[in-house]
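The values are calculated or read from the model by the stated rules, or taken from the named source; none is laboratory data. Everything numeric in this text was worked out from a predicted model, so none of it was measured. Note that each Cβ is placed from the backbone with ideal geometry, even for glycine, and that neighbours are counted across all protein chains shown. Each accessible area value is taken on the protein alone, full model and side chains, heavy atoms only, with ligands, DNA and RNA left out. Shrake-Rupley method; radii C 1.70, N 1.55, O 1.52, S 1.80 Å.
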Amino acid sequence: MRYRTIHTLVCFLLLMAANIQADNLTQPVSLVPCPVSIVPGTGNFHFSAKTTFAVENEEQAVEVRRFTELLTRAAGFTPRIKVGNKKGDICLTTDVGLKEEAYKLEITSKRINIHAAGVQGFFYALQSIRQLLPAAIEGGQVVTGINWIIPAVTITDQPRFGYRGLLVDVARFFSPKENLLRIIDCMAMLKLNTLHFHLTDDNGWRIEIKKYPELTEIGSRRVERPGKNFSERRNPRQGEPTVEKGYYTQDDIREIVAYAQERHIEVIPEIEMPAHSNAALAAYPLLACPVVNKYIGVLPGLGGMNADVIYCAGNDSVFTFLQDVLDEVLELFPSKYIHLGGDEARKTHWEACPLCQARMKQEKLENEEELQGYFMGRMARYVQSKGREVIGWDELTNATIPEGFIIQGWQGYGQAAMKAAELGHRIIMTPAR
Ligand SMILES: [Zn+2]
């Protein structure tokens, strides 16, 4: 995945935040993303130790408890939750007429009514209340002298997009588990529902794979290049100490996935292939084409000419290896989708590799782009045989797109993804420009 993409995604989110205007309101209502409709009322609703929630069932109580934990932590009181009761200051009522993620939130000075079809809608209504509360609610410790009020307002809301994602690139910049949980919490507050977890790249392999321990023993460590920008960092020399490190154990991954699930966020793992694989190949160099005769190390920066060190498409051990890796990944991530990468594969070694050339002949492939199509298609069929769907970057449009691929557009202004859409493929639009 191109390095610039992550910055673009973050900037996009910031722009969305800056553009929200709370027009026509007597009191400031600041919500991101902006709800479909906001109608101002009069006065404020006041949260206190006496506030009670009335919920219909335990499922709703779970959602409300997660919200009241914020008050416990920041305000020092915990509203009561009455299950199976219709009388309370804040009432949750199921309305099956609403769409899955939609909600209606009526706040008056006396009470709050929340309507939704199910837990996701209630969760998002509670996130809106969270944003309407004083900012101290996010402080993480009890603050005194705060009036825990929210303005009277009626909000009707539902998402415009089904896939509301954030890509986190922990391969280039490892982020400890604690930071990731905080990121997930902030995503929830912004009603995002998909975390694209970029776990492997030239610059680090960040997920423990029991069958191949060297992926993390070697692949999660790299040399330091202090004071240098990512694009300026020299490639490693053999024998240089690898002091920068970090990866998630399988227990860490389970905790991250569960934490996200509780917040209605699907975590989609990305295992890059055939390129962006220097970290894996540093650990298992025999999986590169046999014509590669230079040292393969985990790259501290962009890597320059090492971008052509990629998995060999003619070596069956590569497919066995990747299937074994995916077996463990599928076990850890219950997501409907698995991202297989597929971007920026330079074919110079494939052109010179006898194994790759033999594969092309055997499979009657016209060129190396079609060889990549073969590679991605073979891996996609494996993932699909396990009941999951596959996502790949928009370079897959360079050859025949393997069946069933959802194409994620990053190049240019998204033209390649549009081409895939015209061919009937589903797309995720994240153009870097
Ligand atoms: Zn090869």
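Worth a mention:
- Compactness of segment 196-235, expressed as Rg and Dmax over alpha-carbon positions, Å: 12.1, 36
- Once the Cα gyration tensor of segment 183-291 is diagonalised, semi-axes √(5λ) in Å: 29, 17, 13
- Nearest-ten-degree value, helix 316-332 long axis tilted from longest Cα axis of the chain: 10 degrees
- Evaluated over segment 277-433, the Cα radius of gyration and Dmax, each in Å: 15.6, 42
- Qualifying GluC sites (Glu not before Pro) in segment 362-433, DSSP loop, other Cβ atoms within 10 Å at most 15: Glu363, Glu366, Glu403
- Under 5 Å between amide hydrogens, built in the peptide plane, is the criterion, and for Thr154 it picks out Val39, Gly41, Ile107 among residues at least 5 positions away or on other chains.
- Applying the criteria of a DSSP loop state and at most 15 other Cβ atoms within 10 Å to the GluC sites (Glu not before Pro) of segment 221-263 yields Glu224.
- Accessible carbon and sulfur surface of segment 170-281 relative to its total accessible area, %, 1.4 Å: 48 percent
- With the convex hull of its Cα atoms as the shape, the chain has an orientation-averaged projected area of 23.1 nm².
- In the chain, the longest principal axis of the Cα atoms and the axis of helix 58-74 are about 80 degrees apart.
- Amide H contacts for Ile112 (H built 1.01 Å from N in the peptide plane; partners 5 or more residues away or on another chain; cut-off under 5 Å): Ile90, Cys91.
- For segment 165-429, share of DSSP beta bridges that run antiparallel, in % to the nearest 5: 20 percent
- Its convex hull of Cα atoms gives segment 37-157 a direction-averaged projected area, equal to a quarter of the hull surface, of 6.7 nm².
- Along the axis of the charge dipole computed for the chain (Cβ charges of +1 for Lys and Arg, -1 for Asp and Glu, origin at the Cα centre), the listed residues Gly404, Gly342, Thr430 are led at the positive end by Thr430.
- The chain: angle of helix 119-132 to the longest principal axis, Cα-based, in degrees nearest 10: 70 degrees
- Values of log10 I(q)/I(0) for segment 92-225 across q = 0.12, 0.19 Å⁻¹ run -0.67, -1.08, by the Debye formula with one identical scatterer at each alpha carbon and no solvent.
- Spherically averaged projected area of segment 166-236 from its Cα convex hull (nm²): 6.0 nm²
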